[in-house]
Amino acid sequence: MRKLVYYVGSSIDGFIAGPDGSIDFFPLGGDIIEHILSEYADTVPTHVREAVGIDPENTRFDTVVMGRATYDPALREGITSPYRHLRQYVVSRSITESPDPTVEIVSDDPVGRVRRLKEEEGMGIWLAGGARLAGTLLPEIDELIVKIYPVVAGAGVPLFSGGFAPTQFELTASRVFGSGAALMTYARK
């Protein structure tokens, strides 16, 4: 069975984006970017991969699931298929038709859809965000990989949004980078 992995960047105080959805306050650079490009290139948008001159085979993920707010920045830039190298699912009640044939809109029952995806053959399924979708899919998340950037946001979009639902995870790996970022990996207990 495939795993659903919530791989996401966060501030020290647990925010994945600013109040307006922006992520430009995360200090991206140096060794953390090198690590992302070498170990998690599957999660780099296709147009960025092309711009930096990389086109590696997928090693971790072959599918991405994201919420509408996570998909919106690409749409605003005219990019209708941000992860052409992955199967793409956007969970949205407000987008009724996909703007691209390679992007499937999931308008109801994201938990059921993810359960069906997990039963298929293939690589991991990357949950790209956002907070509401992560909260909804929490019962299905097998692994959390959180890039913690050395910044306090103070407010914004939290890692998870939803009702109170304590869920135990176990730290399985950690790495601290010279840039001050840390990568924490947790498995469902």
Counting only backbone N atoms under 15 Å from a point 7 Å out along Cα-to-Cβ of MET1, the residues of segment 106-142 in range are 111-122, 124-125, 138-142
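Taking the Cβ of TYR149 as the centre, find all other residues whose Cβ is under 14 Å away and add up their charges (Lys, Arg: +1; Asp, Glu: -1).
Details: positive: LYS147, ARG175; negative: ASP13, ASP24, ASP31.
Summing Lys/Arg as +1 and Asp/Glu as -1 gives -1.
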Each label sits 7 Å from Cα toward the beta-carbon; between ARG116 and ILE12 the label points are separated, in nm, by 4.5 nm
Taking a crude spin-label model, label points 7 Å out from Cα along the C-beta direction, the GLN168 to LEU75 distance in nm is 4.0 nm
Candidate span helices, the chain: DSSP H, at least 15 Å along axis from Cα coords, Kyte-Doolittle average at least 1.6, result none
Computed for the chain: size of charge dipole around the Cα centre, +1 on C-beta of each Lys and Arg, -1 on C-beta of each Asp and Glu, debye to nearest 20, value 460 debye
Between the residues LEU144, PRO19, PRO99, the Cα farthest towards the positive end of the dipole of segment 4-179, that dipole coming from +1 and -1 charges on the beta-carbon of Lys, Arg, Asp and Glu, is from PRO19
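For every other residue with a beta carbon closer than 12 angstrom to the beta carbon of ALA187, add +1 if it is Lys or Arg and -1 if Asp or Glu, then tell me the sum. Spell out each step's value before the answer.
Values: positive: LYS3, ARG188, LYS189; negative: ASP142, GLU143, GLU170.
Combined, the nearby Lys, Arg, Asp and Glu give 0.
No lab work stands behind these numbers, since they all come straight from the coordinates. Keep in mind that what you see is a predicted model, and the values were worked out from it rather than measured. Note that each Cβ is placed from the backbone with ideal geometry, even for glycine, and that neighbours are counted across all protein chains shown.
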